[in-house]
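For reference, the structure is listed below as structure tokens.
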Amino acid sequence: MPTLCHAAGTCSMGIHVILEEIGKPYEIRKMDFANQAQYKPDFMAINPKSKVPTLIRDDGSVLTEWPAIAMFLALSNPDKKLVPTDIEGMVRAQEAMAYCTATLHMQGWTRIWRTVTYTEIESEHPKIKARGKEIIDKGIAIFDKQLTGKDWLLGDFSIADCALYFLEVWFVERGNLALPANIAAHYERMKQRPSVQASRKYDGFA
Amino acid sequence: MPKLYYWPATCSITVRVILEETGLSYEDEAVDLGAKKQQSPEFLKVNPKAKVPAYLRDDGSLITEVPAIALWLALTNPDANLLASDYETRVRTLEIFDYIAGTIHMQGAARAWRPGSFSETEAAHDAIRARGKDIVMRGLDILSQTLGDKDWLTGSYSIADASLFFIEYWAREKVGYQMPANIEAHYHRMLGRPAVQRALAREGLVVPAF
Ligand SMILES: N[C@@H](CCC(=O)N[C@@H](CS)C(=O)NCC(=O)O)C(=O)O
Ligand SMILES: N[C@@H](CCC(=O)N[C@@H](CS)C(=O)NCC(=O)O)C(=O)O
């Protein structure tokens, strides 16, 4: 059975949703970030990057990085149709996931939440956070436009929607920020999926 | 003819190397990041994300994000053998790409290269730069383990190697970091490839001695 190393409310929520969509047995290893569990030797032996999501597969091999784990789960469960099979669809899935993880998450939200990792000079923090806010606002506006007239980012539901989903949770539940109209509608659509409901219940966002 | 929007020696060089490997004819247009041309109305019309690389296809559609453009070029040019077709290798390739783009580049090199984009206060810059270097070096250590004693990251040469090349070139030529020995050897192997030499030349860069 695969094991997802997961911390509540973090980007690994999106992978949890994908596992629920697939519907096969899996385990969750709960990571207590408040106690820095990701930096303890037992976890660093599994993933020296000290990050979730981390997926331990049936054969014991470890996979890291959100888009890679998502793509693995989609490709190894083709009957679930979680990623398009044509080249164009595959490329657009990759494009959307990369923008979510490398830009909105790593450039935007990290400035807002982990401001102190940029500088210990506290008087600088408001400006760094403001820049982070600019980056996430701009990014979400680009996805809002992409969703015009569509229910899901790539037409049909896919792993790209699950990447957008964890960002939506961050905007609404953790950041108390409003979502642009198409994104707000997408978030509501996500919340109607049993997979998403299971993840929310698990993390306490029900 | 497709067109690559780029700026020399930035992450767009990954796409440039891959393009040169495929042998495709393409045009290019420099977007002067120093002069903030990525924010100009003309470029925002091309790519509202205001980033390079951006890849304009013959049908007028645009692809952004290094891993997405790389995947497109590899999948549509199968003869170039730039991505193995089994899904395990494909997934490992994505893992490397995301780590380089999200962590080594965005968290590490961005701090080390442009501390000013995080804080305008000069007094903060040394610490930002140091943390950036730390993240890059840790990242290179992790990729050094991935590489092991292989020639290429995923076994045979692939788009993942072109992604690492961007970091290697920057680390070595722009900031002079000492890289792990097998990464340094990988960098030299890259510099020996005709496609890499053409890529550097087309960006007006001198091929470093290797
Ligand atoms: N680029 C990675 C980012 C993963 C990441 O930053 N995860 C966060 C949670 S959202 C984490 O584990 N942070 C722990 C830490 O940095 O200490 C990916 O896409 O998987
Ligand atoms: N995640 C993006 C990153 C693109 C990116 O950050 N490009 C840099 C050059 S390496 C850029 O255009 N910077 C200009 C700016 O941020 O204003 C990708 O993979 O394409």
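Please report the net charge: other residues with Cβ closer than 15 Å to the Cβ of A:Glu173, K and R +1, D and E -1.
+1
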### Message
Using helices alone, I'd like the mean residue ellipticity at 222 nm for the protein assembly as shown: each DSSP H run of four-plus residues gives -39500 (n - 2.57), total over residue count, nearest 500.
### Response
-14500 deg cm²/dmol
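Count the net charge of all other residues whose Cβ sits under 11 Å from the Cβ of B:Lys133, scoring Lys and Arg as +1 and Asp and Glu as -1.
Here the count lands on +2.
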### segment B:87-193 - convex hull of the alpha-carbon atoms, volume per residue in Å³
86 Å³
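Give me the net charge of B:Glu95's neighbourhood, meaning all other residues with Cβ under 13 Å from the Cβ of B:Glu95; Lys, Arg count +1, Asp, Glu -1.
Summing Lys/Arg as +1 and Asp/Glu as -1 gives +2.
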## Note on the structure
Largest-first ranking of B:Arg198, A:Arg200 by accessible area, probe 1.4 Å, whole protein assembly kept, is B:Arg198, A:Arg200
### Message
Whole angstrom only: what separates the Cα centroid of segment B:66-88 from the Cα centroid of segment B:97-140?
### Response
29 Å
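Compute the Rg to Rh ratio over segment A:87-193 from the alpha carbon atoms, using the Kirkwood formula for Rh, and round to two decimal places.
Using Cα coordinates only, the ratio equals 1.01.
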#### Entry: lysines whose Cα lies under 23 Å from that of B:Lys150, excluding same-chain neighbours fewer than 8 positions away
A:Lys49
### Query
In Å, what is the Rg of the alpha-carbon atoms in chain B, and how long is Dmax?
16.7, 52
## Note on the structure
Computed over all unlike Cα pairs, the Kirkwood hydrodynamic radius of segment B:1-126 in Å stands at 15.9 Å
#### Entry: Kirkwood Rh and Cα Rg combined as Rg/Rh, segment A:66-116
1.13
## Note on the structure
Mean-square fluctuation maximum in Gaussian network of chain B, Cα pairs under 10 Å, restricted to B:Glu21, B:Glu168, B:Glu184, hits B:Glu184
#### Entry: Using a Förster distance of 35 Å, the FRET efficiency for A:Ala141-A:Lys40 (Cβ separation, nearest 0.05)
0.35
### Task
Check cross-link reach from A:Lys133 to the aspartates and glutamates: straight Cα distance under 15 Å, and skip same-chain residues fewer than eight apart.
A:Glu124, A:Glu168
#### Entry: Model label zone, A:Asp59; criterion: amide N under 19 Å from point 7 Å along Cα-to-beta-carbon; scope segment B:81-119
B:84-96
### Task
Kindly state, to the nearest 0.05, the FRET efficiency for B:Gln145 paired with A:Asp32, given R0 = 22 Å and r defined as their beta-carbon distance.
0.25
### Summary
Expected field for A:Lys81, accessible surface area in Å² at 1.4 Å probe radius, rounded to 10, holds 150 Å²
### Task
Can you grab the distance from the C-alpha centre of segment A:61-94 to the C-alpha centre of segment B:162-178, Å, no decimals?
29 Å
### Message
Using all alpha carbons of segment B:97-143, what is the percent of pairwise distances in each 5 Å bin, ordered from the shortest bin to the longest?
### Response
6, 28, 30, 19, 11, 5, 2
#### Entry: Residue with peak Gaussian network fluctuation, chain A [Cα springs, cutoff 10 Å], from A:Ile183, A:Ile87, A:Ile142
A:Ile87
### Task
With a/c under 1.5 counting as rounded, go ahead and sort the protein assembly as shown into rounded, prolate or oblate using the C-alpha gyration tensor (a ≥ b ≥ c being the square roots of the eigenvalues; past the cut-off, prolate if a/b is larger than b/c, else oblate).
rounded
### Task
Would you kindly calculate the translational diffusion coefficient of segment A:3-80, applying Stokes-Einstein with the Kirkwood radius from alpha carbon pairs, for 10 °C and a viscosity of 1.306 mPa s, and quote it in µm² s⁻¹ without decimals?
125 µm²/s
### Task
Any chance you could list the semi-axes, whole Å, largest first, of the equivalent ellipsoid that the Cα gyration tensor gives for chain A, using √(5λ)?
25, 23, 15
### Query
Calculated FRET efficiency, B:Leu62 and B:Ala209, Cβ-Cβ r, R0 41 Å, to nearest 0.05?
0.65
### Task
Between B:Thr22, B:Thr89, B:Thr121, find the one with the highest GNM mean-square fluctuation for chain B; connect C-alpha pairs within less than 10 Å.
B:Thr121
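The values are calculated or read from the model by the stated rules, or taken from the named source; none is laboratory data. The shown structure was predicted, so the numbers you read here are calculated from the model rather than taken from an experiment. For neighbour counting, all protein chains shown are included, and Cβ atoms are generated from backbone atoms with ideal geometry for every residue, glycine included. These area figures cover heavy atoms from the full protein model, side chains too; ligands, DNA and RNA do not enter into them. Shrake-Rupley method; radii C 1.70, N 1.55, O 1.52, S 1.80 Å.
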